[in-house]
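Asker: Before I ask anything, here is the structure I am working with.
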Amino acid sequence: MVDLAAALEDLGSRGYVAALIEGGATLATRLVESGHVDRIAIYFGSKLGLGTGMAAFAGTFGTLGDAVAVDITSVKQLGDDLRVDMDVVT
């Protein structure tokens, strides 16, 4: 398993201040829960997949009070799709 804190610290020491990370629900959740994410962009397609499928984040929470708070900073329409930008509230 990759040490995310060490990997991000290494990138920071090389002058990187932002990273686009794509890796699935488990990686996304680990990064948010560890406090390494301050901004999120989520894309919504113009299709509604009913039933079971892949989640954007892994795990469960009991109530909305347990959810991660975000401030939505912009919503952009891209053709038939949407991009929602948000900052994680700390």
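The values are calculated or read from the model by the stated rules, or taken from the named source; none is laboratory data. These figures come from a predicted structure and were not determined experimentally. When we count neighbours, we look across all protein chains shown, and the Cβ atoms used for this are built from the backbone with ideal geometry, even at glycine.
Asker: For the condition loosely packed, with under 12 Cβ neighbours inside 10 Å, modelled with pLDDT of 90 or more and not basic (Lys, Arg), what is the one hit in Gly62, Gly35?
Answerer: Gly35
Asker: Here is a follow-up. Yes or no: segment 68-83 includes at least one residue that is farther than 26 Å from Asp3 by Cβ, exposed (fewer than 10 other Cβ atoms within 10 Å of the Cβ) and touching a Gly at 6+ places or on another chain (Cβ under 9 Å).
Answerer: For segment 68-83, residues farther than 26 Å from Asp3 by Cβ, exposed (fewer than 10 other Cβ atoms within 10 Å of the Cβ) and touching a Gly at 6+ places or on another chain (Cβ under 9 Å): present.
Asker: Taking into account only those residues within segment 65-90 that are in a loop (DSSP other than H, G, I, E, B) and either in contact with a helix residue (DSSP H, G or I) (Cβ under 9 Å, 6 or more places away or on another chain) or more than 21 Å from His36 (Cβ to Cβ) (or both), which is modelled with the lowest pLDDT? Walk me through it before giving the result.
Answerer: As a first pass, look at segment 65-90 and keep what is in a loop (DSSP other than H, G, I, E, B): 67-69, 79-80, 89-90.
Then drop every residue that is not either in contact with a helix residue (DSSP H, G or I) (Cβ under 9 Å, 6 or more places away or on another chain) or more than 21 Å from His36 (Cβ to Cβ) (or both), which leaves 68, 79-80.
Numbers: Val68: 91, Gly79: 96, Asp80: 95.
Checked segment 65-90; the qualifying residue modelled with the lowest pLDDT is Val68.
Asker: Is it the case that some residue within segment 10-20 is touching a Lys or Arg at 6+ places or on another chain (Cβ under 6 Å) and surrounded by 10 or more Cβ atoms within 10 Å (Cβ to Cβ)? Write out each step before concluding.
Answerer: We begin by selecting, within segment 10-20, every residue touching a Lys or Arg at 6+ places or on another chain (Cβ under 6 Å); these are none.
No; the residues of segment 10-20 include none that is touching a Lys or Arg at 6+ places or on another chain (Cβ under 6 Å) and surrounded by 10 or more Cβ atoms within 10 Å (Cβ to Cβ).
Asker: Do we have any residue at all in segment 32-40 that's assigned to a helix (DSSP H, G or I) and within 26 Å of Ala6 (Cβ to Cβ)?
Answerer: Yes: segment 32-40 contains one or more residues that are assigned to a helix (DSSP H, G or I) and within 26 Å of Ala6 (Cβ to Cβ).
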